[in-house]
1. Pairs please, first residue from segment 140-152 and touching a residue at least 60 places away in the same chain (Cβ under 8 Å), second anywhere and open to solvent by less than 20 Å² (accessible area, probe 1.4 Å) and among the polar types (S, T, N, Q), Cβ atoms under 9 Å, 6+ apart in sequence or on different chains.
2. For segment 6-17, does any single residue satisfy the condition of being of a type in the set (Val, Ile, Thr), within 26 Å of Ile193 (Cβ to Cβ), in contact (Cβ under 8 Å) with a residue 60 or more places away in the chain and crowded, with 16+ Cβ neighbours inside 10 Å?
3. Against the condition open to solvent by 10 Å² or more (accessible area, probe 1.4 Å) and over 27 Å from Leu265 (Cβ atoms), how does His98 come out, does it pass?
4. Has segment 74-90 got any residue that is open to solvent by 70 Å² or more (accessible area, probe 1.4 Å), in contact (Cβ under 8 Å) with a residue 40 or more places away in the chain and among the aliphatic types (A, V, I, L, M)?
5. Please enumerate the residues belonging to segment 178-202 that are outside any loop (DSSP other than H, G, I, E, B), surrounded by 18 or more Cβ atoms within 10 Å (Cβ to Cβ) and in contact with a helix residue (DSSP H, G or I) (Cβ under 8 Å, 6 or more places away or on another chain).
6. Of the residues in segment 143-167, how many are buried (at least 18 other Cβ atoms within 10 Å of the Cβ), assigned to a loop (DSSP other than H, G, I, E, B) and out of contact with any Leu (no Cβ under 9 Å at 6 or more places or on another chain)?
7. Out of the residues in segment 284-306 that are touching a helix residue (DSSP H, G or I) at 6+ places or on another chain (Cβ under 7 Å) and at pLDDT 90 or above, state the one that is surrounded by the fewest Cβ atoms within 10 Å (Cβ to Cβ).
8. What single numbered condition from (1) in a helix (DSSP H, G or I); (2) open to solvent by less than 50 Å² (accessible area, probe 1.4 Å); (3) out of contact with any strand residue (DSSP E or B) (no Cβ under 6 Å at 6 or more places or on another chain) fails to hold for Val268?
Amino acid sequence: MNKESIYGLTFDQLTAWLNGHGFTKFRASQVWEWLYRKRVTQFAEMTDVKQECIALLEEHFVIQTLTEHTRQESADGTNKFLFKLQDGNLIETVLMRHKFGLSVCVTTQVGCNIGCSFCASGLLAKSRDLSSAEIVEQIMQAQLHLDRLEQEEHVSHVVVMGIGEPFDNFQNMTDFIGVIKSQKGLAIAARHITVSTSGLANKIVEFADSDLQVNLAVSLHAPNNELRTRIMKINKAIPIEKLMQSIDYYLEKTNRRITLEYILLKDVNDQREHALELAELIGNRRSLANVNLIPYNPVDEHSQYQRTDRETIRAFYDTLKKQGVSVSVRLEHGTDIDAACGQLRSKQIKKTKELQLG
């Protein structure tokens, strides 16, 4: 049986576990520092921790459970990792370079059941949730890659926008945030962490009540129910009216800005009338909402959608601006290495199946 990864424990959980086995909070602090500050990959490397404690940890836990299956590096410095889990499943993680620092985009599920009609990740149905440890280790693997470069670089920002719906794996996702925020460890600032959801309204409410102080992005992608249902099947269960109610609760409860993600699909949702309708939908939420326009990355399996041209993107942007809506266009990273989320994973699985059939 596979041992549990120690990355799955928050600091309080680690402290409680060690206390239950006769060790003090000081010992937990030592172990935590070795894991996240010194970033050891073997318990035996914790040289100032008592041997009895090392033996206990080795009996019950492992540190690493992910293995690097493939890594692609873009001309702009973006690294896309394909990791193999202990059960053989594959997940993607992306390390991106920005002017403001280094960010990692993490995956929360193996596959996705949301079923957005334009998304490469949704081509493969969800088979399971990732544990909090498996999500944490994606950050650690990216940081260890940076450590090997010996340039004193550190992950400063995290986006929970990879494969899967984070709010469909809520507890593991929030435990992950607790680990990476810990000031005793990675100390990634809450304001530098963003969680994205396709719009699970009840979980947006729970997220607001959790007081995690991290950022929220909602994948909206359409200004009305008819269009959103056509491209995002989740809208059948959670229509825009219900989604906006949960967003209102979040804004009132937290007073934090929210990002509305809007992927631009040529001749589908990118016309002036769509921008005007979107501005109307946002309404009096303008002061706490920002629309993030996302140029579409075409994938072979969704050939019905094409990328909006630059002129149309600019016109959409300008229309929103004139309506007093805060708006930005997402900067692209790794366009030369299968930039669409889930693309590397789906291609690798397809290649594996072809080899098996051959």
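The values are calculated or read from the model by the stated rules, or taken from the named source; none is laboratory data. Note that the structure is predicted; figures quoted are calculated from it, not measured. Note: ideal-geometry Cβ built from the backbone for every residue, glycine included; neighbour counts use all protein chains shown. Calculation scope for accessible area: heavy atoms of the full protein, side chains included, ligands and nucleic acids excluded. Shrake-Rupley method; radii C 1.70, N 1.55, O 1.52, S 1.80 Å.
1. Gln141/Thr93; Ala142/Asn79; Ala142/Thr93; His145/Asn79
2. Of all residues in segment 6-17, those of a type in the set (Val, Ile, Thr) come to 6, 10, 15.
Subset that is within 26 Å of Ile193 (Cβ to Cβ): 6, 10, 15.
Then keep just the ones that are in contact (Cβ under 8 Å) with a residue 60 or more places away in the chain; that gives 6, 10.
Within this subset, residues satisfying the condition of being crowded, with 16+ Cβ neighbours inside 10 Å are 6, 10.
Yes: segment 6-17 contains one or more residues that are of a type in the set (Val, Ile, Thr), within 26 Å of Ile193 (Cβ to Cβ), in contact (Cβ under 8 Å) with a residue 60 or more places away in the chain and crowded, with 16+ Cβ neighbours inside 10 Å.
3. Details: open to solvent by 10 Å² or more (accessible area, probe 1.4 Å): yes; over 27 Å from Leu265 (Cβ atoms): no.
It is false that His98 is open to solvent by 10 Å² or more (accessible area, probe 1.4 Å) and over 27 Å from Leu265 (Cβ atoms).
4. The answer is yes, given that some residue of segment 74-90 is open to solvent by 70 Å² or more (accessible area, probe 1.4 Å), in contact (Cβ under 8 Å) with a residue 40 or more places away in the chain and among the aliphatic types (A, V, I, L, M).
5. Selection gives Val179, Ile180, Lys181, Ile193, Val195, Ser196, Thr197, Ala201.
6. Count: 2.
7. Within segment 284-306, the first condition is being touching a helix residue (DSSP H, G or I) at 6+ places or on another chain (Cβ under 7 Å), and the residues that meet it are 285, 288-289, 291, 293, 295, 299, 301.
Retained after the next criterion (residues that are at pLDDT 90 or above): 285, 288-289, 291, 293, 295.
On the way: Arg285: 15, Leu288: 17, Ala289: 21, Val291: 23, Leu293: 21, Pro295: 17.
Among those residues, the one meeting the criterion is Arg285.
8. For Val268, the failing item is (1).
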